[in-house]
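Student: Have a look at this one.
The values are calculated or read from the model by the stated rules, or taken from the named source; none is laboratory data. All figures in this text were calculated on a predicted structure; none of them were measured in a lab. All Cβ positions, even for glycine, are placed from backbone atoms using ideal geometry, and neighbour counts span all protein chains on display.
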Amino acid sequence: MSPFISELPKVELHLHIEGTLEPEMVFALAKRNGITLDYADESALQAAYQFSDLQSFLNVYYQGMQVLQTEQDFFDLTWAYLMRSQAENVRHVEIFFDPQAHTDRGVAFADVIGGIGRALAQARQQWGLTSHLIMSFLRHLSQESAFETLRQAEPFRQQLAGIGLDSAEKDNPPTKFREVYAAAAAQGYRLVAHAGEEGPASYIRDALDVLQVERIDHGVAAIHDAPLMARLAQERIPLTVCPLSNLKLRVINDMSEHPMLALLHAGLCVTVNSDDPAYFGGYMNANYAALQQGLGASNDEILQLALNSVEACWLSAAEKAVLTHSIKAHGAKY
C-alpha cells in the first residue's frame, strides 16, 4: 500500500454495514446466539465468496446476516467497521443498513438502529469520525413493505439522514418505488438509490427523474450512454462507485476495464467506496490501491477522487472545507 493512499484523508459514501460482517465475526456471533451455520469453519465460508453475479452474492449475504440478533450484535458489527475506517484514515462515513432484512426475521427495528447508532456516536466522540445513516429499502420486496419500513422508522427519524434502494436490480426498476420515495421526500429524507450496476443506464435516468435522487450508488452503466454522462457531468450528480465490488460481481472482468478514470476525465463527480468489503476483498485503501494498480491511476487522479467524495457528502459547508483543506494539504506533501 502506497503511503499516498494509506495517509490520504478519505470519505466513504457507499457502505452496507451488513457487508462488513467478516467470517471471524460470523462465527463469533453464531456461537453467542446459539446458531448453527452451514459452514464448518471460516475457510469454508470464505470459499463460498466466489460470485458469478449480484444475485449469487446476495444469497450468501442474506444468509450471513442471520447471526445478527441483538443490539449488541449490531454495535459490535458497526464498531469493527469503524475501527478499520479510523485505521485507514477515513474521516467521514455515510452508511447503509437494511432494516427489512432484520425485521422480517423478528429483530426489532429499535435493536438494529440502537446498536448501529451507539457505535457511530462513540466513534464521533472518540475519534471525531463523523457519520450519517441511510435506511435502504430492499428492491426485491414490494413497495408496500418499503412503506411499512418507512412507518417503523418514524420514532427514529432524527437518527436517519436519508433513504436508499439496494438488493437485486434486475426486474426491480426505480419506478417500482415512486410513491414511497415521494413520501420519504415529504418527510425530509435525502434520497439516493442504487442504479446502473447490473441494471441498464436507463435505471440511472429513472432514479433521477422518477425518484428524484440527488446521488447515484454505483452508476457505472452510464459509461454506455453519452447523453446521460453529459448530464451527470453538467449537473454534478455524484456516483458512489465501488471498484472491487464491480470486479468481484463480474460487472467487469479485470480492473483494467473499469470505467472509473474515463468517468472522472469526462467531468463526472465519481467517488471511491467499498460497498460490502468483507465479501469483496477490501476496504477503502484497497479500493484506491486497485485503481492505482489496475488502471494506473496517478496521485493527482486519486486526490481528485477523494475531493469528489467531500463534494458529494452531506456534511456542512464548514465541515467540507476542513476536509478539503486536509486532502489538498496531503497532496501538497507529494
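Student: Has the range 63-85 got any residue that is farther than 27 Å from R139 by Cβ, among the charged types (D, E, K, R) and either in a loop (DSSP other than H, G, I, E, B) or at pLDDT 95 or above (or both)?
Tutor: Yes, the range 63-85 contains a residue that is farther than 27 Å from R139 by Cβ, among the charged types (D, E, K, R) and either in a loop (DSSP other than H, G, I, E, B) or at pLDDT 95 or above (or both).
Student: Do you know which residues across the range 75-92 are of a type outside the set (V, I, T), surrounded by 18 or more Cβ atoms within 10 Å (Cβ to Cβ) and in contact with a strand residue (DSSP E or B) (Cβ under 8 Å, 6 or more places away or on another chain)?
Tutor: Y81, L82, S85, E88, R91, H92
Student: Right, something else. Out of V107, V112, which single residue is buried (at least 21 other Cβ atoms within 10 Å of the Cβ), among the β-branched types (V, I, T) and over 17 Å from the mean Cα position of the chain (by Cα)? Talk me through it step by step, then tell me what you get.
Tutor: Details: V107 fails: buried (at least 21 other Cβ atoms within 10 Å of the Cβ).
Unique residue meeting the criteria: V112.
Student: Scan the range 302-323 residue by residue and report those that are β-branched (V, I, T) and under 21 Å from the mean Cα position of the chain (by Cα).
Tutor: Kept after step one, since they are β-branched (V, I, T), are these residues of the range 302-323: 302, 310, 322.
Listed by number, the residues that qualify are I302, V310.
Student: Here's another thing I want to ask about it. Determine which single condition D209 fails, assuming it passes every other condition in (1) buried (at least 21 other Cβ atoms within 10 Å of the Cβ); (2) more than 21 Å from the chain's Cα centre (by Cα).
Tutor: In the conditions (1) buried (at least 21 other Cβ atoms within 10 Å of the Cβ); (2) more than 21 Å from the chain's Cα centre (by Cα), D209 misses (1) alone.
Student: Okay, moving on. Residue check, D276 against (1) closer than 17 Å to I302 by Cα; (2) crowded, with 22+ Cβ neighbours inside 10 Å; (3) in contact (Cβ under 8 Å) with a residue 40 or more places away in the chain, all met but one. Which one?
Tutor: (1)
Student: When the range 114-139 is examined, which residues are found to be assigned to a loop (DSSP other than H, G, I, E, B) and either more than 20 Å from G196 (Cα to Cα) or modelled with pLDDT under 95 (or both)? Break it down stepwise before answering.
Tutor: Taking the range 114-139 first, the residues assigned to a loop (DSSP other than H, G, I, E, B) are 128-129, 139.
Across the range 114-139, the qualifying residues are G128, L129.
Student: List the residue pairs whose Cβ atoms are under 6 Å apart, where the first residue sits in the range 140-151 and is aromatic (F, W, Y) and at pLDDT 95 or above, the second is assigned to a helix (DSSP H, G or I) and crowded, with 16+ Cβ neighbours inside 10 Å, and the two are 6 or more positions apart or on different chains.
Tutor: F147/V180
Student: Of the numbered conditions (1) touching a strand residue (DSSP E or B) at 6+ places or on another chain (Cβ under 6 Å); (2) in a helix (DSSP H, G or I); (3) of a type outside the set (A, V, I, L, M, F, W, C), Q234 satisfies every one except a single condition; which is it?
Tutor: (1)
Student: Of all the helices (runs of 4 or more DSSP H) wholly in the range 257-334, which have at least 1 residues that are more than 27 Å from E22 (Cα to Cα) and of a type in the set (A, V, I, L, M)?
Tutor: Details: elements: 260-265, 277-280, 284-295, 299-312, 317-333.
So the answer is 260-265, 284-295, 299-312, 317-333.
Student: Please find, among A110, A101, A30, A48, the residue that is without any contact (Cβ under 8 Å) to a residue 24 or more places away in the chain and among the aliphatic types (A, V, I, L, M).
Tutor: Working: A110 fails: without any contact (Cβ under 8 Å) to a residue 24 or more places away in the chain; A101 fails: without any contact (Cβ under 8 Å) to a residue 24 or more places away in the chain; A30 fails: without any contact (Cβ under 8 Å) to a residue 24 or more places away in the chain.
Only one candidate passes the filter, namely A48.
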